[in-house]
Every structure is written in structure tokens, then in C-alpha cells.
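A.B. asks: Supplied in C-alpha cells, the structure appears directly below.
The values are calculated or read from the model by the stated rules, or taken from the named source; none is laboratory data. The model shown is predicted, which means the values in this text are computed figures rather than measured ones. As a convention, Cβ positions derive from the backbone with ideal geometry for all residues, glycine included, and neighbour counts pool all protein chains shown.
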Amino acid sequence: MDKIKINTPLTDEVVKALKSGDQVLISGEIFTARDAAHLRLVSLLNEGKELPMDFEGQVVYYAGPSPARPGEVIGACGPTTSYRMDDLTLPLLEKGLKGMVGKGKRNNVVIEGMKRHKAVYFAAIGGAGALIANSIKSNTVVAFEDLGPEALRCLKVENFPAIVVIDAEGNNLYDSEPEKYKK
Amino acid sequence: MRSINVIDITQKVKDVCITINYEIDPLVRAAFESAKIVEASKIGLNIIDDLIENSEIAKSYKAPICQDTGMIVAFVKLGQEVHIEGGSLEKAIHQGIREGYDEGYLRKSVVSDPLLRSNSGDNTPGVIYYEIAEGDVFEIELAAKGFGSENMSRSKMLKPSDGIEGVKAFVIETVEQAGSNPCPPIVVGVGIGGTLDKAAYIAKKALLRPLGSHHKDEHIEQLELELLDKINKLGIGPQGLGGTTTALAVHADTFPTHIAGLPVVVNINCHASRHQKVVL
């Protein structure tokens, strides 16, 4: 199957056209945020404060890279397990978040939120951090630098490989595919 | 009495921390190749190919296989006729971890307090276990344990009447619940017996056996084979996106237990399965 090239920020039209099972190559800016950064973002929202960035149309990557060697852009940078962000995802979808990249299942609150706000969930290959790093062309800290590997970072990516696992209609590859191989 | 200097211990620990993060275990690579022959899912096959390519990139560019470069777990086997000279053994191990994670550009993933959660900045402390042995042996088995898989591990105090069928059911249920989260294809460590903590200890230690090797007792070997077969029929597949390669191996171990109990721990490792033994 041909891989679909998409660019960030994502529009509603692009999101609606993506279907569970599509293999995509993402180009543009994506933003890393994992456990600690999500806690801070949600705390800021709860306190009625400004977020350090505008999430409208953006894609968040659940990842905490290993350090870059001198002269390199980034170390290994594969996805972390997404369910830990489930309870902290809805507020970002409400702020316009259109895509999430991670690994592993999401709960129903997230999936219903994705359907309501038209967002898509991609899986990157867990444990392929060295391979994925090849598609990352720049790496800058946006906020929460004190969190080290958990800082909110902007990554400029070219042809970042991912698979649409849950689309904006709620179709879920984690439910449909394993059933085919269950004996 | 044989003397070992702490400087040599630090150096070895440092080297192994770096090596296990950059270079995939040849047995894992061989297991990927075997999986490619039998994997029924096209997506699954592509994922295994990507994992092989990833390991080649990691080795040639001296980059970590995975960004979660783990928390170090060390099993020290110290002969009672060995004298450690030049300082503290424990400090020497921690210094090796510190230097390895710094010089190897490995991610520092340890927080100093589980509730306050500030990063210790140098990936210490590791989790260190000591075993006193006869003679003048000195070995440290080091694992870089990632937490995508550690988080999917479980324990249960079964009843004696639950027996081997209860153990099998708990292992299968644990792998099924873990699904895509622990980065399948996984390695499954099963500890049966002892106490709650002993079962966890032998499950973790079983993960460090050569991949796909079997327990010396025939009934445990049979259990390992049966569990591997059942797990690979769950359909989870590589990365949980469907397929017939959910686990690369099941390693089980047992320990005598109490008449009232049957503790079981399932400790899961991801496909990177990073560990190596240091012998001095």
C-alpha cells in the first residue's frame, strides 16, 4: 500500500480523509509532550493561565528523546506508551489538537473526544527510536526545559513514518487487526 | 582470596550500559529472523523489518536502540573468597551507570523520589541485588529495563488449588491485557512460588537467561513452550497491530513456597531485551 504524505498543521479535511490502517509520512512541525509536560499543560489550563503554545491543528508526539551527540539533531526518539496521557488528553483536544502520535491503546474518553473534535491517533513503532530519529531535522525546546527528556519540544520532521490506528470516526486498528490472527 | 579493584568494576559496568543500549543481542536478531518466516500479518512483517533496520542503524551510528534506555537492574554474584578493594562495591556500580549514561548519550530516566519525581540527572540509582556464592566468582548481570514493558507486569497470590492451570490463565490474561503497550514482540518472565518478592525476583532474573533457553526441569520447560504457543495465538502481533509474533520467548522459574500459597509474577520485557553479564 502506498504511504500517504501529510503536512502539519492538520486541517479537518486531512483528518477526515485519514482512515484506520493508512500508513502515513508526516512532514512539518510536531511537538513532543509526555507525562510530566501533560500534567503541567493541564494544570495551566485548570488555573486559567496561557499555554506556552497554540495547539490548533497541531500534532503531539508522546516521546522523550535520548540526548543528542554533539553536532546531531537528536538521539533516539521513538514513541512512549500513550494510555498514561489518556486522562490528560481531552483538554488539549478542546484546544484544537488534531493529531497524537504514540503507541498502544487509548481509552473511550479519548476516542469519543477524537470523534467529537475530529482528531486522529497515529502509532509509531515502539522501540525503533534510532530509525525514527532519521526523519527528525530540527529539535528545539518550546517550554518546560527543566523537565529534561520530558520537555515540550518542537521537532521539524520530514516523512516521519506512522500508521493511523484510530481515525476520527473511531475505527480502531488495535481492535480490528488482532482479531484476524486470533486462534 | 582474590582481589578485585572497584575501578575495574566501574569500567565494566559503564561499558556494558553503553553496549546493551547500542547493540541488539544476537539471539534477539536471530529471533526476529525466525519470526519473519512464520509471521502471518503483512503489517507485522513490515514492523519486524523496521526493527531489524533500527538495530542496524543503532549499531552503526552508536545510537540507542530505543530512547527509553532503561533503569539499570544489576544482579551481583560475589564469591565469599573475593576481596573488593579500593572503595565501595555499590558506589562503583553506580559510578559505572553514571559514566555510561553520560558518555553514551543515554537518556536519564530515573526520578529520585517516586512521588516528588525530580530526575536524578544521571540515571542512578540502579536496582542492585547481591548474591553471596562459594569460591572466588565475581559476576554482574546488568539489564537496562524499559518501563513500557515493566508497567505491564503483574503479580497475583494464587491459591494452591489454582495449580498450573491458574498460573497459565494468569500469564495469558496479563499478556492479553498488556496488548500493544509493552512493544511486542515481548519476552515474558514468569516467577512461580517463594514469597511475593521472591516470585518477582526470579521472574526478573528469568528475563536475563539466554533468549529462548529453557528451564532445566522438564515440567517447567513444557510450561514455557505451552505458554509461548498460547501467547502467539492471541493475535496481538508486532506492536499490537495483529499477527502471530506476540512473544519471542517465555522464561519461567520456580522456588519452593508455603503450603498456603502459590505466588505468581509476570515480568514483561520489550523486544530490545537488553542485558549482558560482566565477569571479572
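A.B. asks: Of the conditions (1) assigned to a helix (DSSP H, G or I); (2) free of Cβ contacts under 8 Å to residues at least 60 places away in the same chain; (3) of a type outside the set (Ser, Thr, Tyr), B:LYS204 satisfies every one except a single condition; which number is it?
C.D. replies: (2)
A.B. asks: Would you confirm whether or not the stretch B:114-121 contains a residue that is closer than 28 Å to A:GLY75 by Cα and crowded, with 17+ Cβ neighbours inside 10 Å?
C.D. replies: Yes: one or more hits.
A.B. asks: If you take the residues in the stretch B:1-59 that are of a type in the set (D, E, K, R), in a loop (DSSP other than H, G, I, E, B) and touching a Leu at 6+ places or on another chain (Cβ under 9 Å), which one is surrounded by the most Cβ atoms within 10 Å (Cβ to Cβ)?
C.D. replies: So the residue we want is B:GLU39.
A.B. asks: Do you know which of the residues in the stretch B:217-252 that are in a loop (DSSP other than H, G, I, E, B) and small (Gly, Ala, Ser) is nearest to the chain's Cα centre (by Cα)?
C.D. replies: Across the stretch B:217-252, the extreme among qualifying residues is B:GLY237.
A.B. asks: Still on this model: Looking at the stretch B:52-66, I want the residues that are more than 8 Å from chain A (Cβ to nearest Cβ) and have a partner that is of a type in the set (D, E, K, R) with Cβ atoms under 6 Å, at least 6 apart or on another chain. Which pairs are those?
C.D. replies: Matching pairs, first to second residue: B:LYS59/B:GLU23.
A.B. asks: Residues of the stretch B:151-190 being closer than 15 Å to B:GLY261 by Cβ and assigned to a loop (DSSP other than H, G, I, E, B), which ones?
C.D. replies: Across the stretch B:151-190, the qualifying residue is only B:LYS159.
A.B. asks: When you go through B:GLU218, B:GLU176, B:GLU165 one by one, which is the residue that is within 14 Å of chain A (Cβ to nearest Cβ), out of contact with any strand residue (DSSP E or B) (no Cβ under 9 Å at 6 or more places or on another chain) and surrounded by fewer than 19 Cβ atoms within 10 Å (Cβ to Cβ)?
C.D. replies: Of B:GLU218, B:GLU176, B:GLU165, the one residue that is within 14 Å of chain A (Cβ to nearest Cβ), out of contact with any strand residue (DSSP E or B) (no Cβ under 9 Å at 6 or more places or on another chain) and surrounded by fewer than 19 Cβ atoms within 10 Å (Cβ to Cβ) is B:GLU176.
A.B. asks: Suppose the filter is in a strand (DSSP E or B), buried (at least 18 other Cβ atoms within 10 Å of the Cβ), modelled with pLDDT of 95 or more and within 13 Å of another protein chain (Cβ to nearest Cβ); does A:PHE31 pass it?
C.D. replies: Considered against the rule, which asks whether it is in a strand (DSSP E or B), buried (at least 18 other Cβ atoms within 10 Å of the Cβ), modelled with pLDDT of 95 or more and within 13 Å of another protein chain (Cβ to nearest Cβ), A:PHE31 comes out as no.
A.B. asks: Give the residues of the stretch B:61-94 that are assigned to a loop (DSSP other than H, G, I, E, B) and surrounded by fewer than 24 Cβ atoms within 10 Å (Cβ to Cβ), sorted by residue number.
C.D. replies: Listed by number, the residues that qualify are B:LYS62, B:GLN80, B:GLU81, B:GLY86, B:GLY87, B:SER88.
A.B. asks: Give me a count of the residues in the stretch A:55-81 that are under 15 Å from the mean Cα position of the chain (by Cα), on the phi < 0 side of the Ramachandran plot and either surrounded by fewer than 21 Cβ atoms within 10 Å (Cβ to Cβ) or more than 12 Å from every other protein chain (Cβ to nearest Cβ) (or both).
C.D. replies: Counting residues in the stretch A:55-81 that are under 15 Å from the mean Cα position of the chain (by Cα), on the phi < 0 side of the Ramachandran plot and either surrounded by fewer than 21 Cβ atoms within 10 Å (Cβ to Cβ) or more than 12 Å from every other protein chain (Cβ to nearest Cβ) (or both) gives 5.
A.B. asks: Here's something else I'd like to know. Hey, among the residues in the stretch A:151-183 that are of a type in the set (S, T, N, Q) and closer than 21 Å to B:GLY237 by Cα, which one's farthest from the other protein chains (Cβ to nearest Cβ)?
C.D. replies: Applying the filter and picking the extreme gives A:ASN171.
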